[in-house]
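What follows is a set of notes on a single structure, which appears directly below.
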Amino acid sequence: MDAEKVERDRDAVRRRRYVRLSDRGGGVYLEGLLDPVAGEHVRAALDAASYRPPSANTVSTTPPHHHNSPSIKRLPG
């Protein structure tokens, strides 16, 4: 692997990154491009913030922030 190319590619993504939030239809629309590290931080924060209680048929002793949220999906690419 060419370390200089990896760094150039990373810097190119960082220069293009942005996040845009806007209110739409009673919710908040999120659009943006993040570098992989920042993207994982945002994904972890959203996972922690989007707790859904377990169904009535299950019992859980795991704190809410440890549940995986089915509403947060990885997008290809």
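Under the condition of being aliphatic (A, V, I, L, M) and at pLDDT 90 or above, which residue from the range 13-29 is most open to solvent (accessible area, probe 1.4 Å)?
In this case the residue turns out to be Leu21.
Listed here are the residues, each with its yes/no results for (1) open to solvent by less than 90 Å² (accessible area, probe 1.4 Å); (2) touching a Pro at 6+ places or on another chain (Cβ under 7 Å); (3) at pLDDT 90 or above.
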{"position": "Val6", "(1), (2), (3)": "yes, no, no"}
{"position": "Glu31", "(1), (2), (3)": "yes, no, yes"}
{"position": "Ala44", "(1), (2), (3)": "yes, no, yes"}
{"position": "Thr62", "(1), (2), (3)": "yes, no, no"}
{"position": "Asn68", "(1), (2), (3)": "no, no, no"}
{"position": "Ile72", "(1), (2), (3)": "yes, no, no"}
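List pairs: first in the range 43-55 and within 20 Å of Leu33 (Cα to Cα) and assigned to a helix (DSSP H, G or I), second open to solvent by less than 60 Å² (accessible area, probe 1.4 Å) and among the aliphatic types (A, V, I, L, M), Cβ under 6 Å, 6+ apart or cross-chain?
Matching pairs, first to second residue: Leu46/Ile72; Asp47/Ile72.
The values are calculated or read from the model by the stated rules, or taken from the named source; none is laboratory data. Quantities reported herein were computed from a predicted structural model and do not represent experimental measurements. So basically every Cβ, Gly included, is an ideal-geometry build from the backbone, and we count neighbours across all protein chains shown. Surface accessibility is based on the protein's heavy atoms, side chains included, excluding ligands, DNA and RNA. Shrake-Rupley method; radii C 1.70, N 1.55, O 1.52, S 1.80 Å.
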